[in-house]
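The values are calculated or read from the model by the stated rules, or taken from the named source; none is laboratory data. Since the structure is predicted, the reported quantities are computational estimates derived from the model, not experimental observations. Methodologically, a virtual Cβ is constructed for each residue, glycine included, from the backbone with ideal geometry; neighbour enumeration extends over all protein chains shown.
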Amino acid sequence: MGTFFRHPTPCGDSADHPPELLQAQFGALSRLVPLMYFILLANASVLAYTFRLKAPVSLTLYPALCFGAIFVWRTVSWWQRRERSITPDQARRQLAVSSVLASVLGALLAGWGFALFPHGDAYDQGHVAFFLSLTMISSMFCLVHAWPAPLLIGAFAGLPIVVFLSLAGVPVFAAMASDMALVTLATLLVLRIQGRDFNRMIAARAEVGRRGQEQQRLLGMIEDLPIAVMTADPVSLRINYANRAALSLVRRIEHLLPIRADQLVGTSIDVFHHQPEQQRRLLTDPARLPHTARSHVGGEILELQAAAVTDCGGEHQGVMVTLALVTAQVEAERRILHLAHHDSLTGLHNRYTFHEQVEQRLAGEGGGDGEMAVLVIDLDGFKMVNDTLGHRAGDSLLGEVAARLQTHCAGRATAVARLGGDEFAVLLPGGDPATAELLAHGLLGTLCAPYLLEGERHTRIGASVGIALSPQHGRDSETLLARADIALYAAKAAGRATVRTFTSEMLTRIQERVDLEARLRAAMEGQRGLFVFFQPITDLASGRITAREALVRWFDPPRGWIPSSEFVPVAEEAGLIDRLGQFVLGRACLEAAGWTDGARVAVNVSAAQLGRGTLLPAVSRALKAAALPADRLEVEITETALLLNGAQALAELRLLREMGVRVALDDFGTGYSSLAHLRSFPFDKIKIDGSFVRDALQRPECAAVVRAVAELGRRLGVTTVAEGVETPAHLECARAEGCTEVQGYLLGRPLPSPKDQAAVDALSSPVGTPPDRPVRPAATEEV
């Protein structure tokens, strides 16, 4: 019975009941308990009156008065608390007290009835049976909300009554006992159902209350949100709610809408759409939500994000829409998209977009057949403009170049792009090499014309163009651009301001260069096959050797002796020139320290070594390691180095002179602005390029150059050296024109140091003699 009649959730122990259920049970009891005590008082009074003459006063009047006092006291107590607000703990205690008191009173009333039963006749005993059953049933119903009170009453009152009547020895009472047992069970079942329904009702009411509070809290939060929020009816799509932010947003653009902000609620959401039919199909179908749309409202762009609102059961309740003015955001997105595909300085397509367009063309998109020409253009002399006129002028020049490219290629090229720096690219439909070269030569003419920059400054630059054709030179953008770059490299090597179309021989040369770089790197890491040769420089007046020029030589087993004119530019481009320069400096200083004639050692310095802050530390380390005085070291630089590095190179050279190192200007006469360089730096020596000395015998203008430089050196107090003296006639010419010193094969060929002589002889014998023409590690001339 205990298991069957356990109270539904919240169950049994009232300590587990939710607070709202405890308070609801107490409230219901506060209305039913007074009624229960009134019924008990009436029943007890009538029973006492029935037995007033048949039973002692101690069994009639006195028990009736005691029960009556208890009933009245409890009735008044409950009546006073009926409107009072109590806590869940107080309600729990009152319910517990009611359950205990009900079971006690039920047992006492049953015992009172049992005591009166023998004092009456059959009618009086029937009254007792009626009193007991009516009292028990009415009490159970009145205490339905104080479970387990009904069950306790059934146990402590109902069960004894059934047993008592069954044992009364009267068939009618036995039948009544059976009936009472069945009615008690049925009553408990009814009360269980009622209790469950009551609990569910209270739980549902509490849930409704909580949801109401949550909705109010949510509405309050939505109302205060800085985001514009609206809700719309799922059928009519009329706006039924709009928060303050939504009203404020609409107020800002209401001059562009057919309604005012205060008319928003009740208006169809169609007011924000130019094509409301399409939007209605989306918004009325929950399966298509969430949905985002952007609508142009006048000059503004409005973004609407719609989401379905559903109840707990998943039923569609409506549409919630957030609004935002995204005009500035859309403009920023467009700008970002443009920057992602275009160069920010020139407005041309960038490298990424150019690759995409080449791939699209190769794939045949846009009606193309995959045939095309890719032209890569590199500006000649742009760095000079950047260094001399400033980066602002350089940027302006790049903008002018881009404009000329677009104008010249208009109607012919599919795309014009800036790949980076001063490198541009053109995509030309069709794979005809003659058409591509014609366009390239036209571009050279266009780009080489004078430019007028800001500040009325005129400048000129050149350009070189490399061409790759599809499909013969490649079938993907990476390959085509790489081979156009190879052709560009060949164009620059051919003298610049030229056009070259890719050939397989170019690729072979590039591969050979890569292979040469790898072998040079390995040779430098192991210092295998690298030597320093020395060529004397002789004073004309005394015939004494005043200096020896250090010249780097490299023996590579597969190829033999490789000219420095081949591997030094490779070292410069591969970033190996500093290590190579340190090797030459170190070996040269160590050798010079052992010379007994006190001659100086001259070391060529590459343009790539100057102006980077690495030369001065390298010189200091070499001098210190060899214990060589600084005035016995000469560094030779070309005019190209000064042109490429400018002020930084001059500053570094001044620091060298402050250390005591002598500085010579090499290959004088072949560079640019020579007199300006002589004025900007106090060189110790000027070396006249050998081409002038060798040609002076046949060309008077060359002899005049040698004479002029020698006279200039005499007036400046600078030593002048005639290079390329290979015959006695060359020597007499240098003497006649007034040169101070001479250098050439006539007076001495480049030779290794004594300690390297055996190794050089061993390497040279099966392969041939090493190259002995003094080739300096100078960078390629660049205008």
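Looking at T459, T508, T501, which is the one that is among the polar types (S, T, N, Q) and free of Cβ contacts under 8 Å to residues at least 40 places away in the same chain?
The conditions single out T508.
Just the residues that are over 21 Å from P536 (Cβ atoms) and out of contact with any Gly (no Cβ under 9 Å at 6 or more places or on another chain), please, taken from the range 587-622.
Matches in the range 587-622: A607, L610, R612, G613, L616, P617, V619, S620.
Picking from L428, L405, L439, which residue would you name as being more than 19 Å from R496 (Cβ to Cβ) and either aliphatic (A, V, I, L, M) or modelled with pLDDT of 85 or more (or both)?
Of L428, L405, L439, the one residue that is more than 19 Å from R496 (Cβ to Cβ) and either aliphatic (A, V, I, L, M) or modelled with pLDDT of 85 or more (or both) is L428.
Every residue in the range 327-379 that is acidic (D, E) and closer than 30 Å to E303 by Cα, please.
E331, E333, D343
What is the residue count in the range 55-84 for residues that are among the small types (G, A, S) and at pLDDT 85 or above?
So the answer is 3.
Scan A497, A463, A468 and give me the residue that is within 28 Å of G445 (Cβ to Cβ), in contact with a Leu (Cβ under 7 Å, 6 or more places away or on another chain) and part of a loop (DSSP other than H, G, I, E, B).
The match here is A497.
Let's see how each residue does on (1) farther than 16 Å from V603 by Cα; (2) in contact (Cβ under 8 Å) with a residue 40 or more places away in the chain; (3) part of a helix (DSSP H, G or I):
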site: S620; (1), (2), (3): no, no, yes
site: D631; (1), (2), (3): no, no, yes
site: E658; (1), (2), (3): yes, no, yes
site: L665; (1), (2), (3): no, no, no
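Please enumerate the residues belonging to the range 446-485 that are among the polar types (S, T, N, Q) and within 24 Å of V385 (Cβ to Cβ).
Hits for the range 446-485 are T446, T459, S464.
Which is in a loop (DSSP other than H, G, I, E, B) and either out of contact with any strand residue (DSSP E or B) (no Cβ under 7 Å at 6 or more places or on another chain) or under 23 Å from V663 (Cα atoms) (or both), of G738, G713?
G738
Which number in (1) among the β-branched types (V, I, T); (2) modelled with pLDDT of 80 or more; (3) in contact with a Pro (Cβ under 7 Å, 6 or more places away or on another chain) marks the one condition that V104 misses?
Checking V104 against (1) among the β-branched types (V, I, T); (2) modelled with pLDDT of 80 or more; (3) in contact with a Pro (Cβ under 7 Å, 6 or more places away or on another chain), the one that fails is (3).
Here is a yes/no grid of residues against (1) surrounded by fewer than 12 Cβ atoms within 10 Å (Cβ to Cβ); (2) touching a Gly at 6+ places or on another chain (Cβ under 6 Å); (3) closer than 25 Å to L22 by Cβ:
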| site | (1), (2), (3) |
| --- | --- |
| R200 | no, no, yes |
| R205 | no, no, yes |
| Q216 | yes, no, yes |
| M221 | yes, no, no |
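Mind listing whichever residues of the range 34-47 are crowded, with 16+ Cβ neighbours inside 10 Å and either without any contact (Cβ under 8 Å) to a residue 60 or more places away in the chain or in contact with a strand residue (DSSP E or B) (Cβ under 6 Å, 6 or more places away or on another chain) (or both)?
Selection gives P34, Y37, L41.
Of everything in the range 226-248, what is hydrophobic (A, V, I, L, M, F, W, C), surrounded by fewer than 14 Cβ atoms within 10 Å (Cβ to Cβ) and within 34 Å of the chain's Cα centre (by Cα)? Give them in sequence order.
Listed by number, the list holds a single entry, I227.
V514 fails exactly one of the following numbered conditions: (1) touching a strand residue (DSSP E or B) at 6+ places or on another chain (Cβ under 8 Å); (2) of a type in the set (V, I, T); (3) outside the structural domain of E371 (by TED's automatic domain parsing). What is the number of that condition?
(1)
Taking the range 537-554, which residues are assigned to a strand (DSSP E or B) and hydroxyl-bearing (S, T, Y)?
Taking the range 537-554 as the starting set, the residues that turn out to be assigned to a strand (DSSP E or B) are 537-539, 545-554.
Those that are assigned to a strand (DSSP E or B) and hydroxyl-bearing (S, T, Y): T538, T546.
With the requirement that a residue be in a helix (DSSP H, G or I) and more than 22 Å from R612 (Cα to Cα), what does the range 563-586 give you?
Matches in the range 563-586: S564, S565, E566.
If the requirement is being in the same structural domain as A96 (by TED's automatic domain parsing), crowded, with 24+ Cβ neighbours inside 10 Å and more than 21 Å from N199 (Cα to Cα), which of these qualifies: A157, A168? Don't jump to the end; show me each part of the working.
Values: A168 fails: crowded, with 24+ Cβ neighbours inside 10 Å.
Residue meeting the stated conditions: A157.
With the range 326-429 as the region, which helices (runs of 4 or more DSSP H) entirely inside it contain at least 1 residues that are free of Cβ contacts under 8 Å to residues at least 12 places away in the same chain, farther than 21 Å from T479 by Cβ and outside the structural domain of A493 (by TED's automatic domain parsing)?
327-341
For the range 595-612, give me each residue that is buried (at least 20 other Cβ atoms within 10 Å of the Cβ) and either at pLDDT 90 or above or within 17 Å of I686 (Cβ to Cβ) (or both).
If the condition is that a residue be buried (at least 20 other Cβ atoms within 10 Å of the Cβ) and either at pLDDT 90 or above or within 17 Å of I686 (Cβ to Cβ) (or both), then R600, V601, A602, V603, N604, V605 are the ones that fit.
Could you please give the count of residues in the range 254-281 that are exposed (fewer than 14 other Cβ atoms within 10 Å of the Cβ) and at pLDDT below 75?
Residues meeting the conditions: 5.
Can you give me the number of residues within the range 294-306 that are without any contact (Cβ under 8 Å) to a residue 40 or more places away in the chain, touching a helix residue (DSSP H, G or I) at 6+ places or on another chain (Cβ under 7 Å) and within 15 Å of V229 (Cα to Cα)?
Going through the range 294-306 one residue at a time, the tally reaches 2.
Give the residue that is farthest from G266 (Cα to Cα), with candidates limited to residues of the range 207-246 that are acidic (D, E) and not in a loop (DSSP other than H, G, I, E, B).
Only one residue fits best here, namely E207.
Being in the same structural domain as T346 (by TED's automatic domain parsing), among the acidic types (D, E) and touching a strand residue (DSSP E or B) at 6+ places or on another chain (Cβ under 8 Å) narrows it down to one residue among D539, D485, D476; which is it?
D485 is the lone residue from the list that is in the same structural domain as T346 (by TED's automatic domain parsing), among the acidic types (D, E) and touching a strand residue (DSSP E or B) at 6+ places or on another chain (Cβ under 8 Å).
Given the conditions (1) over 19 Å from I39 (Cα atoms); (2) crowded, with 16+ Cβ neighbours inside 10 Å, and given that A149 satisfies all but one, which numbered condition is not satisfied?
Here A149 meets the rest and fails (1).
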